[in-house]
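Shown next, in structure tokens, is the structure this report addresses.
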Amino acid sequence: MRVIRSLRMNFAVWIKWIFGKKRARIGIYGPPNAGKTTLANRIVKDWSETEVGGMEVGGTSHIPHETRSAMRTDGVVINTNGSSIELDIVDTPGMATKIDFREFMAYGLEEEEAKRRAKEATEGVIEAIKWLEDLDGVLLVMDSTEDPYTQVNVTVVGNMEARKLPLLIVANKRDLPKASPSRIKAAFPQHPIVTISALDGSNIDELYVAIARHFG
């Protein structure tokens, strides 16, 4: 009798996992160099089913706008805290109100290369905005060492609210000495916020729980 009861319980858990699992297409947004691609890479690596521990979504750099075209990774399954959610992740280019090629020259790039990157970055911002039409929710990544109350952040948050897209703010770079996640919480108290370091992985498990709860 106990064996039959155990089998029934295991079967019930299996059915709940199969039919209760949610799927969502999530965009990772934020200003340049906030850590969007670093976060996307960590999520995919942490939850990849491959033996090598996952593949990178994209490359990272200290130069702004390293990601200049949206990169999509489908079928990333997060199982945490008794919940399961399958994500299609879209890592978007850094949002900016103005992109000047001279910004790239300041990092040592030649003028021709700087102008090419500025053009691609501008096209990337347009692409990121278009992606909002096809998303179920947004992870908005902010650098917690910077002032969060910028035109870019305010515009992005307002855009998400107008579209009624579920929004989870990620206060990144908590590992740095000048990090102040409390400033982000004070600037946008109407939205849930999770403080992490995408680089070293600190507090990343709390983010996974929040993703499953917020978008599931």
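Every read-out reported here was derived from the displayed coordinates using simple, explicitly stated rules and does not represent laboratory data. Fair warning: this is a prediction, and the values are worked out from it, not measured in the lab. Cβ coordinates were reconstructed from backbone atoms using ideal geometry, including for glycine residues, and neighbour counts include every protein chain displayed.
Values of log10 I(q)/I(0) for region 93-171 across q = 0.12, 0.24 Å⁻¹ run -0.42, -1.15, by the Debye formula with one identical scatterer at each alpha carbon and no solvent. Between residue 115 and residue 159, the FRET efficiency estimated from the beta carbon spacing at R0 = 25 angstrom works out to 0.35. Scanning residues 5 or more positions from residue 141 or on other chains, those with amide H under 5 Å from its amide H are 29, 30, 170, with H placed 1.01 Å from N in the peptide plane. Rounded to a whole number of µm²/s, how large is the Stokes-Einstein D of region 129-177 at 4 °C and 1.567 mPa s, given Rh as the Kirkwood radius over C-alpha pairs? So the translational diffusion coefficient is about 110 µm²/s.
A straight chain from residue 22 to residue 205 at 0.36 nm per residue would run longer than the Cα-Cα distance by 64.0 nm.
The largest-to-smallest principal axis extents of the Cα set in region 22-215 are 52, 40, 36 Å.
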